[in-house]
Amino acid sequence: MKAYKTLLPALLALIFLSCDTSKKTVATPGKDDGIIEVTFLQMNDVYEISPSLSDNSGGLARVATLRKELMAQNPNTITVLAGDFISPSVIGTLKFEGKRIRGRQMVDVLNTLGLDWVVFGNHEFDYDDLADLQARLDESKFSWLAGNVRLKGNTWTQQFFKNRNGGTEIIPDNTVIHLKDADGTTLNLGMFGVLVDTGKKPWAEYSDWQTSAQKSYAELQPKTDVIVGLTHLNVADDKKLAALLPSVPLIMGGHDHDNQIHKIGNSIVAKADANAKTVYVHTLRYDKNKHTPTVKSVLRKIDGKIADEPTTAAAVAQWEKIKNESLGSAGFDPAKTVTTLKQSLDCRDAITRHMPAPVGEIITGAMQSVSKNKPEVVLLNSGSIRVDDVLSGTLTELDIVRMLPFGGAIVEVEMKGSMLRKTLDTGLANKGAGGYLQTSGVRKDEASGKWFVGNNALDDNKLYHVTLPEFLLTGNELNMGFLKATLDNGKSTNADMPVILKPDSKDKSDLRNDVRLALIDYWRKK
């Protein structure tokens, strides 16, 4: 981190120089009518470069085709991604050229597609090693918005940056994009970014997103005609933002994974479906004479009716080839059958993040089957399930890796009843997010409001055997920082979780080392 600290003076000097960027257009002679249109192509939460195997939706080569069509109609087209793309994905977990891929494939394909702007999402901070994120920043040809997150050292904070030609390029909180249309109408478009603070890492520090948004708006307002937001917040906070800044006509958001659009006063809040199953096309029409913006938004399906853009398709094909080769070397046979489903299995986020789901029952069953102690309760954060698809027919090992791209170890703990209750209540409160819990062995009686473990009411003072993903013990799941626990000389650092049993990572026969291996074994034995 000392290397970053030595760059601080130069970086700070560049901050104000990097906040204004220009998008060049060629105007043809004509009368300036005072009206200009800007087209936004919006994606969010994109983890896969290829279409879904089950319904053939999505695919970034198709998005690239749509982008070219929009550019032909209006050169003032800006393609944006509202956070979450570096992680997670099947390809990102694999190795290529001796290193974990960790989003390299996403940056390469998005570079090829022609992405213009992104805002950080929480999954950009999945990897513990800052060098992985820095490499992706340096590789990206598109521009980033940082908003309310900063790079943190032991005694300092500074803005994130890209390494460029022996120098550095600051990642700003906001930007001004200068546009001109064919008849000469000009527009100074302001854009700012903000994000959730759940992607916690020792080298990342967050400020309040509302304060950051207001600060960016105040900076942009004197030098722009109109301002839009690019956010990675939950929808409730996007709505708050629209109410907080009522003159912002368009907030393009991510994080929720389901397409939705909301009218808050004169503002539009829009989110597309994850994995580019849909995108939003927004037309912002600005009347400079009246100083009034209007927004028209159309949700576009990305499916087989849209042809692949050849150059982007070639980049996708290259990474798909790498994926298949790497999965084989990691011990997975992508084509090998795991099970044949008798009925379809709904793994969409709209199900798994909102209610107890059959897929949650299956995965917690697999976790229970490999536990050494007999767990009374099994917990699974729904954010572990990333396939966001309805699976049917024959499932292969590739489908399992797609379903659970994070993998991760299964741990067994003894947990005090009071902490278990808090965990279960928080899981319910996280409805709609990845922190919503799929459970086994526990239920809530709606009439009394009491939790039951088996047939008995949950006892706050009792110790329960609980099996759960090791990820939950990082404390990084939404609102679950209280679960953070590590082993210090074999002893738990969390008094409410006095016993923690982890698998031996060197024992390849212990299926607890990877929930995907546990699930494959469980399904094959059923």
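Quick note: the coordinates plus some simple rules give every number you see, no bench work behind them. Computed from a predicted model, the values in this text were never measured in an experiment. Note: ideal-geometry Cβ built from the backbone for every residue, glycine included; neighbour counts use all protein chains shown.
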For this session: Kindly express, to the nearest 10 degrees and within the range 0 to 90, the angle between helix 104-113's C-alpha long axis and the longest C-alpha principal axis of the chain.
Result: 30
For this session: Check the straight Cα-Cα distances from residue 484 and name the aspartates and glutamates below 12 Å, setting aside those fewer than 8 residues away within the same chain.
Result: 470, 496
For this session: Any chance you could give the angle, 0 to 90 degrees and rounded to 10, that helix 60-73 forms with the longest Cα principal axis of the chain?
Result: 20
For this session: Take the Cα atoms of region 361-423, find their three principal axes, and give me the spread along each one in whole Å, biggest first.
Result: 40, 24, 18
Seminar exercise, completed: By the mean-Cβ-within-10 Å protection proxy, highest first, 248-259, 151-162 rank as 248-259, 151-162
Exercise. Can you list the aspartates and glutamates whose alpha carbon sits under 15 Å from that of residue 31, skipping same-chain ones fewer than 8 residues off?
Worked result: 181, 183, 287
Exercise. So what's the convex hull volume per residue for the Cα atoms of region 178-217, in Å³?
Worked result: 97
Problem set entry | Gain in span if fully extended, residue 163 to residue 299, counting 0.36 nm per residue against the direct Cα distance | 45.4 nm
Seminar exercise, completed: Rounded to 0.05, the calculated FRET efficiency for the beta carbons of residue 318 and residue 456 at R₀ = 60 Å is 0.60
Exercise. So how tilted is helix 358-370 from the main axis of the chain? Cα-based, degrees 0 to 90, rounded to 10.
Worked result: 50
Exercise. Can you give the convex hull volume per residue for the Cα atoms of region 103-194, as a whole number of Å³?
Worked result: 128
Problem set entry | Theoretical gain in end-to-end length, residue 263 to residue 428 [0.36 nm per residue, Cα-Cα removed] | 56.7 nm
Problem set entry | Cα-based Rg / Dmax (Å) for the chain | 24.0, 80
Exercise. Relative to the compact globular guide of 2.2 N^0.38 Å, what is the alpha carbon radius of gyration of region 332-525, as a ratio?
Worked result: 1.00
Exercise. For residue 479 and residue 372 in the same chain, what is the full-extension length gain: residue separation times 0.36 nm, less their Cα-Cα distance, in nm?
Worked result: 35.6 nm
For this session: Return the Cα extents of region 252-406 along principal axes one, two and three, sorted largest first, each rounded to a whole Å.
Result: 72, 43, 26
Exercise. Quick one: Cα centre-to-centre distance for region 169-238 and region 381-439, in angstrom?
Worked result: 32
Seminar exercise, completed: With the 8 Å Cα cutoff and a minimum separation of six or more residues, region 2-312 has a relative contact order in percent of 25
Seminar exercise, completed: Using alpha-carbon coordinates alone, the radius of gyration and Dmax of region 297-355 in Å work out to 16.9, 45
Exercise. If the cut-off is a Cα-Cα distance under 12 Å, which aspartates and glutamates reach residue 450, setting aside same-chain residues fewer than 8 apart in sequence?
Worked result: 425, 459, 460
For this session: Determine the principal axes of the Cα atoms in region 2-312, then give the extent along each, sorted from largest to smallest and rounded to whole angstroms.
Result: 56, 48, 39
